[in-house]
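Below is one structure, written out as structure tokens, with a few remarks after it.
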Amino acid sequence: MKRIADLDPDHMSPEQRDVYDAIASGPRKGVRGPLAVWLHRPELARHAQALGRYCRYDTSLPPRLSELAILTLARVWASEYEWYAHKHIALEAGVAPDIVEAIRTHQSPPFKETDADASAIHAFLVELHRTRQVSDAVYAETVRRIGEAGVVDLVGLAGYYTLISMTINVFGVRPPAGTPDELSATA
């Protein structure tokens, strides 16, 4: 059950409306999910959406890798809305369906040798969330695969999508009615 109502654009404060308009007119093309929750605190929404815009559209990671990272984080947090919002984007960006399904079901993804960068990212994020740190070996392999700048961007993306997932889970943000849960059955 959603714990906080979406704001009606016609009844927003000027600050809320400014942020709403900025988000709606940007690449997201709308204000949904956690962004709608953050509008209750327009400065949080303004800053979080700016970070999100960078993490989603402007990092050094290509879409295939950033979407793989987002799905990994959605799975770690059992964030149904985030999984719903990004599964099709990940598939369109080139994440293989068997990789998506393995992440969804908590299996070891069957990465191919040509997916060493994706494998490193997945291992990095799983270890980070399991142990709250990353071993020297996993760090070195991830730097080798995506570079130091890529690892900095990956940690930023992990932080942002952790904030997203926490917001979704705390405030009960759900996918549209009639959308089946994909993560809770395998939690």
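Just so you know, all these numbers are worked out from the coordinates, no wet-lab data involved. These figures come from a predicted structure and were not determined experimentally. Here the Cβ positions follow ideal geometry from the backbone for every residue, glycine too, while neighbour counts run over all protein chains shown.
Using helices alone, what [θ] at 222 nm do you get for the chain, with -39,500 (n - 2.57) per DSSP H run of 4 or more residues, divided over all residues and rounded to the nearest 500? Write down the numbers at each step before the final one.
Values: 8 runs with 116 residues, N = 187.
Calculated from helices alone, the mean residue ellipticity at 222 nm is -20000 deg cm²/dmol.
Taking the Cα atoms of segment 29-140 alone, what are Rg (to one decimal) and Dmax (as a whole number) in Å?
Over segment 29-140's Cα set, Rg and Dmax evaluate to 14.9, 46 Å.
Fully extended, how many nm does the chain gain between T114 and T179 (0.36 nm per residue separation, minus their Cα-Cα distance)?
Working: separation 65, 0.36 × 65 = 23.40 nm, distance 3.34 nm.
That pair, T114 and T179, stretches by 20.1 nm at full extension.
With a 10 Å cut-off between alpha carbons and a GNM built on the chain, which of R132, R32, R145 moves the most?
Greatest mean-square fluctuation among the candidates belongs to R132.
About its Cα centre, how strong a charge dipole does the chain have in debye, to the nearest 20, once Lys and Arg get +1 and Asp and Glu get -1 at the Cβ? Intermediate values should be presented prior to the final figure.
Details: 20 positive and 24 negative charges, 55 e Å.
Computed charge dipole of the chain: roughly 260 debye.
Just the Kirkwood number for the chain, please: inverse of mean 1/r across all distinct Cα pairs, in Å, one decimal. Don't skip to the answer; put the middle values down first.
Working: mean 1/r = 0.0583 Å⁻¹.
17.1 Å is the Kirkwood radius here.
Sort T114, T179 so the one with the fewest other Cβ atoms within 10 Å of its own Cβ comes first. Write down the numbers at each step before the final one.
Working: T114 7, T179 11.
If I rank by nearby Cβ atoms, fewest first, I get T114, T179.
For segment 47-187, what does the relative contact order come out to in percent, with C-alpha contacts under 8 Å and a separation of six or more? All intermediate terms of the calculation are to be shown ahead of the outcome.
Values: 152 pairs, mean separation 53.2, N = 141.
Over segment 47-187, the number comes to 38 percent.
Which of the helices in the chain, when you take each full DSSP H run, stretch at least 30 Å along the axis at their Cα atoms and have an average Kyte-Doolittle score of 0.0 or higher? Kindly include the intermediate steps, with their values, before the conclusion.
Details: long enough: 136-171 (38 Å, 0.75).
For the chain, where a helix must reach 30 Å along its axis and average at least 0.0, the hits are 136-171.
Per the Debye formula with a single identical scatterer at each Cα and no solvent contribution, what log10 I(q)/I(0) holds for segment 9-57 at q = 0.14, 0.17, 0.24, 0.30 Å⁻¹?
-0.27, -0.41, -0.82, -1.27
Just need log10 I(q)/I(0) for segment 86-187 at q = 0.10, 0.19 Å⁻¹, Debye formula, equal scatterers on the alpha-carbon atoms, no solvent, rounded to two decimals.
The computed values of log10 I(q)/I(0) come out as -0.32, -1.17.
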